[in-house]
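Contents: one structure, followed by commentary.
The values are calculated or read from the model by the stated rules, or taken from the named source; none is laboratory data. Computed from a prediction, not measured in an experiment: that's the story for all the values here. FYI the Cβ positions are ideal-geometry reconstructions off the backbone, even for glycines, and counts take in every protein chain you see. These area figures cover heavy atoms from the full protein model, side chains too; ligands, DNA and RNA do not enter into them. Shrake-Rupley method; radii C 1.70, N 1.55, O 1.52, S 1.80 Å.
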Amino acid sequence: MTFRRGVLIVLEGVDRAGKSTQCARLVQALQQNGRRAEIIRFPDRTTQIGQLISSYLEKKSNLEDHTVHLLFSANRWELVPLIREKLEQGINLVVDRYAFSGVAFTSAKPGFSLDWCKQPDVGLPKPDLVMFLQLSPEVAAQRGQFGAERYEISSFQQTVQQRFEEIRNDTSINWKVIDASRSIEEVHTDIKSASEKTIDVAQHLPVGELWR
Ligand code: TMP
Ligand code: MG
């Protein structure tokens, strides 16, 4: 049997679009089909850098805006050796947020260009597929109130949504927009089928480099 690497699948989207639920369902479905699969989420709050980020998000500490952007990126880079190792072992990785959230959230702040925001993440392992869970702010609002974390403010999230739209114009990325207003099952069916198709193709190709 020829060797097959794992593929890197990212789920992005606005808050309450169902990313975490769908990541868990996808990993379960891939495993049921006899594939190896694991979840990774960013920020990974368990590392030292992740703890600085978590404390910032919980508003227990303040960080300068460029600084926190670089910490979010550093939090991805510190997991790159692990990501590469897993992919080489043939483990498919389902990632809950990645550099696209990094760019969308920081560039929603005044004075940050998309280009500046992308630079620290240039060269990260490139996802084989990025699924954007699309949900209108109105429908998202019906799914419950925001919590108390730093970016959970409607006006800010609207700007984040616009930034995601701009980021999705980047044709170097294999984007798939998923209508997240449907039932968990319907959304899952789409995500699973897009993931299976990507695995069939990408498992034979080398891992790319993001934005390079
Ligand atoms: P979470 O709710 O998925 O744990 O994400 C925490 C918050 O961090 C969420 O508001 C999105 C934001 N974020 C960034 O600002 N930059 C990043 O690079 C990432 C991954 C998340
Ligand atoms: Mg959150």
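Before moving on, here are some points about what is shown:
- Of the set (1) part of a helix (DSSP H, G or I); (2) surrounded by fewer than 19 Cβ atoms within 10 Å (Cβ to Cβ), all apply to residue 163 but (2).
- A search for C-beta distances below 8 Å between a residue of segment 131-156 that is closer than 30 Å to residue 174 by Cα and any residue that is away from ligand 2 (no atom under 15 Å from the Cβ) and acidic (Asp, Glu), counting only pairs 6+ apart in sequence or on different chains, returns 134/179.
- Options 103, 80: the member that is of a type in the set (A, V, I, L, M, F, W, C) and surrounded by fewer than 19 Cβ atoms within 10 Å (Cβ to Cβ): 80
Here is a yes/no grid of residues against (1) crowded, with 18+ Cβ neighbours inside 10 Å; (2) in a strand (DSSP E or B); (3) on the phi < 0 side of the Ramachandran plot:
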| position | (1), (2), (3) |
| --- | --- |
| 3 | no, no, yes |
| 17 | yes, no, yes |
| 24 | no, no, yes |
| 31 | no, no, yes |
| 38 | no, yes, yes |
| 43 | yes, no, yes |
| 46 | no, no, yes |
| 61 | no, no, yes |
| 69 | yes, no, yes |
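- Selection over segment 124-139 of residues that are surrounded by 14 or more Cβ atoms within 10 Å (Cβ to Cβ) and in a loop (DSSP other than H, G, I, E, B) gives a count of 5.
- Contact map, segment 1-18: first residue under 15 Å from residue 197 (Cα atoms) and at pLDDT 95 or above, second residue open to solvent by 10 Å² or more (accessible area, probe 1.4 Å) and among the basic types (Lys, Arg), Cβ cut-off under 7 Å, separation 6 or more or different chains; pairs are 6/36; 6/86.
Yes/no matrix, rows are residues, columns are (1) on the phi > 0 side of the Ramachandran plot; (2) surrounded by 15 or more Cβ atoms within 10 Å (Cβ to Cβ); (3) assigned to a loop (DSSP other than H, G, I, E, B); (4) not small (Gly, Ala, Ser):
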| position | (1), (2), (3), (4) |
| --- | --- |
| 110 | no, no, yes, yes |
| 116 | no, no, no, yes |
| 141 | no, no, no, no |
| 152 | no, no, yes, yes |
| 155 | no, no, no, no |
| 169 | no, no, yes, yes |
| 173 | no, yes, yes, yes |
| 185 | no, no, no, yes |
| 207 | no, yes, yes, yes |
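- Screening residue 106 with (1) within 14 Å of ligand 1 (Cβ to nearest atom); (2) more than 17 Å from the chain's Cα centre (by Cα) gives one miss only, at (2).
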